[in-house]
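Student: Handing you a structure now.
The values are calculated or read from the model by the stated rules, or taken from the named source; none is laboratory data. The shown structure was predicted, so the numbers you read here are calculated from the model rather than taken from an experiment. Heads up, the Cβs are rebuilt from the backbone with ideal geometry, glycines too, and the neighbour counts pull from every protein chain shown. For the accessible areas, the whole protein counts, side chains as well, though only heavy atoms, and no ligand, DNA or RNA atoms are used. Shrake-Rupley method; radii C 1.70, N 1.55, O 1.52, S 1.80 Å.
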Amino acid sequence: MARVYNFSAGPAALPLAVLERARDEMTDFAGTGMSVMELSHRGKAFREVAERSEAALRSLLQLPDGYRVLFLQGGATLQFAMAPLNLATPEATADYLVTGSWGLKAVAEARRFCHVNVAADEEASGYTRVPPPAGWRLRDDAAYLHYTPNETIGGVEFHWIPDAGAVPLVADMSSSILSRPLDVGRFGLIYAGAQKNIGPAGLTLVIVRDDLVETARDGVASMLRYAVHAGAGSMSNTPPTFAWYVAGLVFDWLLEQGGLEAVGAANARKAETLYRAIDDSGFYANPVEPGSRSRMNVPFTLAEPGLDAAFLAQAEAAGLTNLKGHRSVGGMRASLYNAMPQSGVDTLVEFMGEFERARA
Ligand code: PMP
């Protein structure tokens, strides 16, 4: 069976070279006579895997000194709770910018643990743009400012980093991390589920500034404290070893592609190709303001929703899979993470043109 172009929002396509390397090493990793899955997480062989993976990530992000990198579990969803539990007291207020459904979920969870000030919420525009900073109601005494750089469902992306002043900036980068160069020095805390641009599901990446590692409130379970994970090299309990290993292969692959400058340029080209095709057609539409459009997740609708099923079936037959939009919004969504090649986008655009002409 041939590989397809997989436009899933996550778990998402991985680079073929990474899968092939993992396959080649599957039953005998580096002369151990075992799979990585069978290695003790405390043994030398896996410790080297873990260290190499972190070193590659640090090199990719050109991570400044003063940050801890944690390889955790629980998904980005658990970070919705861990951020307030570690960075805010119950009496404190945290600022949140809401540009879509993931931001809303982050707010709902944070409200369980601290006060939340929704500094901006784009509901009025139907979440079709990043709200202009002039209208944000930020608090000087906020414990942190949280935002979602890329809303995976609505396809709304910040193409710049908010100015949080002296307040620690916290970002849910689940669907945008490693998609372009990133000035990590602007952030207090970054977290991301792995299953889009990093590797297999089950791993959650956390990058936390040193001064925010030890600030968890009293009474928080050990496994929810950044300090516990940082102190144990992310091996406070058994980590998701295989996912950690594959993430390392992905980081190596990204370095081989030329790093985040090159990857970012390729991603910009891919997104431009698809948005141009949508805008030039009279048949497909994307509601997001051009300056806020996501490079990673491109939602689009057909002029006749009755044709959605036919579009999906014919796309599938053409080897273009997982184009169905999120169940909450319908329509289509093409996710163009790092592992999606330009040829996948070109093939999709060609298919969309043919589909439109056949129906016209
Ligand atoms: N935040 C964003 C922006 C996401 O896209 C997702 C998953 N699609 C999540 C959070 C939730 O991530 P997880 O399933 O890893 O908890």
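Student: Heavy-atom accessible area per residue, the chain, 1.4 Å probe: how many Å²?
Tutor: Details: 15390 Å² over 360 residues.
So the chain comes to 43 Å² accessible per residue, rounded to a whole number.
Student: Something else: Report D for segment 316-360 in µm² per second (integer): Stokes-Einstein, Kirkwood Rh on Cα pairs, 25 °C, 0.890 mPa s.
Tutor: Numbers: Rh = 11.6 Å.
Translational D for this selection: 211 µm²/s.
Student: In segment 163-266, what percentage of the DSSP-assigned beta bridges are antiparallel, given to the nearest 5? Mind dumping the intermediate values first?
Tutor: Values: 5 of 8 bridges.
Around 60 percent antiparallel, to the nearest 5.
Student: If you take every DSSP beta bridge whose two residues both sit in segment 16-256, what share of them, in percent to the nearest 5, is antiparallel?
Tutor: Working: 13 of 27 bridges.
Antiparallel bridges: around 50 percent, rounded to the nearest 5.
Student: For the chain, what is the mean residue ellipticity at 222 nm derived from helices alone (per DSSP H run of n ≥ 4: -39500 (n - 2.57); sum divided by total residues; nearest 500 deg cm²/dmol)?
Tutor: Working: 9 runs with 122 residues, N = 360.
The helix contribution divided over the chain gives -11000 deg cm²/dmol.
Student: In segment 78-108, whose amide N lies under 15 Å from the spot 7 Å out along Cα-to-Cβ of A221? List them in ranges.
Tutor: 78-83, 85-86
Student: When the expected Rg is taken as 2.2 N^0.38 Å, what fraction or multiple of it is the alpha-carbon Rg of segment 258-358? Write out the running numbers ahead of the final one.
Tutor: On the way: Rg = 13.2 Å, N = 101, 2.2 N^0.38 = 12.7 Å.
Ratio of Cα Rg to 2.2 N^0.38 Å: 1.04.
Student: Something else now. Have a look at A309, A262, A143 and tell me which one the Gaussian network model of the chain (Cα, springs below 10 Å) gives the largest fluctuation.
Tutor: Maximum fluctuation in the GNM of the chain, among the listed residues, is at A309.
Student: Taking 1 over the mean of 1/r across every pair of different Cα atoms in segment 101-257, what Kirkwood radius in Å do you get?
Tutor: Evaluated over segment 101-257, this radius sits at 17.2 Å.
Student: Between the alpha-carbon centers of segment 255-314 and segment 2-19, tell me the distance in whole angstrom.
Tutor: When both Cα centres are located, 17 Å separates them.
Student: Hey, another quick one. Report the FRET efficiency, 1/(1 + (r/R0)^6), for T321 and D141, where r is their Cβ-Cβ distance and R0 is 45 Å, rounded to 0.05. Let's see the in-between values first.
Tutor: Details: r = 48 Å, r/R0 = 1.07.
With a Förster radius of 45 Å, E is 0.40.
Student: Now a separate question. Restricting to Cα atoms and excluding each atom paired with itself, what does the Kirkwood estimate give for segment 289-348 in Å?
Tutor: Numbers: mean 1/r = 0.0810 Å⁻¹.
This gives a value of 12.3 Å.
Student: Around A106, what is the net charge, scoring Lys/Arg as +1 and Asp/Glu as -1 over all other residues with Cβ under 14 Å from its Cβ?
Tutor: It works out to a net charge of -2.
Student: OK, next. Regarding segment 1-154, what's the average projected area of the Cα-atom convex hull, expressed in nm²? Walk me through the intermediate numbers first.
Tutor: Values: hull surface 53.5 nm².
Its Cα hull, projected and averaged over all orientations, spans 13.4 nm².
Student: Once you charge only the Cβ atoms, +1 for Lys and Arg and -1 for Asp and Glu, what is the size of the charge dipole of segment 258-358 about its Cα centre, to the nearest 20 debye? Please list the in-between numbers first.
Tutor: Values: 9 positive and 12 negative charges, 66 e Å.
It comes to approximately 320 debye.
Student: Take every Cα pair under 8 Å in the chain that's 6+ residues apart, average their separations, divide by the length, and report that relative contact order as a whole percent.
Tutor: Working: 654 pairs, mean separation 83.1, N = 360.
Result for the chain is 23 percent.
Student: Report in % the part of the accessible area of segment 1-126 that belongs to carbon and sulfur, leaving out ligands and nucleic acids; probe 1.4 Å.
Tutor: Numbers: 3240 of 6170 Å².
Roughly 52 percent, rounded to a whole number.
Student: With a Cα-only, solvent-free Debye model of the chain, what are the log10 I(q)/I(0) values at q = 0.08, 0.10 Å⁻¹?
Tutor: The calculated log intensity ratios at q = 0.08, 0.10 Å⁻¹ are -0.41, -0.64.
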